[in-house]
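Nothing in this text is a laboratory measurement; each read-out follows from the coordinates by a stated rule. What you see is a predicted model, and the numbers here were worked out from it, not measured in a lab. Glycine also receives a Cβ, built like all others from the backbone with ideal geometry; neighbour counts cover every protein chain displayed.
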Amino acid sequence: MDAKSLLRAKKAEARITHPYAAYNSAGVLRCSICATPVKQWDAHLLTKQHRQSVLREKAEQEKLVQAKAKSKRPLPQATDPQGQGESSKRAKIQNTSVEEEGGRGNLPAGFFSSGNQPAPQSNSPSPEPEPQPTTQSNQSTGDTELDDFLSSLNDDTPSTTSTAQPQVKQNQGKRKTYKEIIPSQTSYEAAPVRIAQPTEDQQQDVQEEEPEESEQERKERLEREEREEIVRRLEEEERAQEDADSRVASLKARMEMLKKRREAKMSKGKTSTNGA
């Protein structure tokens, strides 16, 4: 036997023992969860396909375990809510009847007659209780000076309370000014401005200054305004004509200057050619 056959025999003898490793009839190694033939088992365990297959297999096993646990749990017994409700109602009715009988047995005879019935409530409003005086009646202490002092205090209290109430109302109704809000700051008040009405003489002067114009005066005023407008337009036209004439004159002078320059250049060119 050569070396290759020996190596093959050793590989065949060294079978991989793994829960996911399986061999077919030809002795080829396969992964049971991936369903693919494998040449290098250690390298196949590190592949992404094998890891995803392992996770999927574990999730399926957990689902099976949970389903079995649910199937093994005993079903809750069917309750009868109507029966319980009826029994509780009966118990309450019995308790109330027993209490009524016991209460009636303890009451004296003739308790429920008309004489012992409660009086009907009247619809008339009940009288309000009179306010009691806050100060107690003067009691003699045996000391005349102390008694006089206490009596003077009792006499002064109603007057002070009666005067305090209108003052409070007056302060509430009075509107606070900026002086009362900020007393520490200095404030300035402007004197009221009085508009003097025009006197009769002033009114007459105004009427005299604005006399009503007649029809003839109005016509004269219109004619005068028309003449002034015509004169103004003529002056504007003359001014525009003068501006145009000045521009034309400046252009003519410029043209003459340009002609002279050209003639001078041409004369210089002729003299240079003749000299050469």
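Quick notes on this structure:
- Space enclosed by the convex hull of the alpha-carbon atoms of segment 3-71, per residue, Å³: 103
- Burial ranking of peptide ranges 246-252, 51-57 (average Cβ count within 10 Å, highest at the top): 51-57, 246-252
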